[in-house]
Amino acid sequence: MLVAHNLLSDEAKVWVYPSNRKFYPQEIEALKEKVENFVATWKKEDEDFKTSYQLLYDRFIVFYAEENSILSNADIDKQVAFILKLQNEYEVELLDKMNVCFKQGDYIQYKEIKDFKKMLKEKSVSPKTIVFDNLIQTKYDLENFWEVPITESWYNRFL
């Protein structure tokens, strides 16, 4: 059942799919409709399954599933297959969570780790630069630890 994300518990499972580019304004409405349709029918047979989604910064697709729901490998496979379909349709990369997303002024950048390390070395980004930890696992973590300075993230090993 599709519900507003703010109605889910802090323990709700979260998946963050960062796009290597911002979705274009003319893509947003259709993208939201596709994601909402997927989420609404993801586990339709399970009446107790509560799920939601968000499109953040026109760049991150976030799925939520209430923690008390049982998700099988097949359910996760459906989600990944859907993401792969979006990748092909929009010509974006959504499954590479090891690249770095960070704020630079008003913009969100997406860089390969090797390029990010080089930027750190050249002081193009600072330890205070806000990075997105796309490996977070719960709604609570998304709300509290997703956007953090490099010093408070797992990327701090590169400082």
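Any read-out appearing in this document is the output of simple, stated calculations on the displayed coordinates, not a laboratory observation. Predicted model only: the values in this text are computed from it and were never measured. Every residue, glycine as well, gets a Cβ built from its backbone with ideal geometry; the counts of neighbours run over all protein chains shown.
In the list 103, 97, 139, which residue meets the criterion of being basic (Lys, Arg) and over 18 Å from residue 19 (Cα atoms)?
Criteria check complete, one pass: 139.
Does residue 128 satisfy the criteria of being loosely packed, with under 14 Cβ neighbours inside 10 Å, in a loop (DSSP other than H, G, I, E, B) and in contact (Cβ under 8 Å) with a residue 12 or more places away in the chain?
So residue 128 fits the description; yes.
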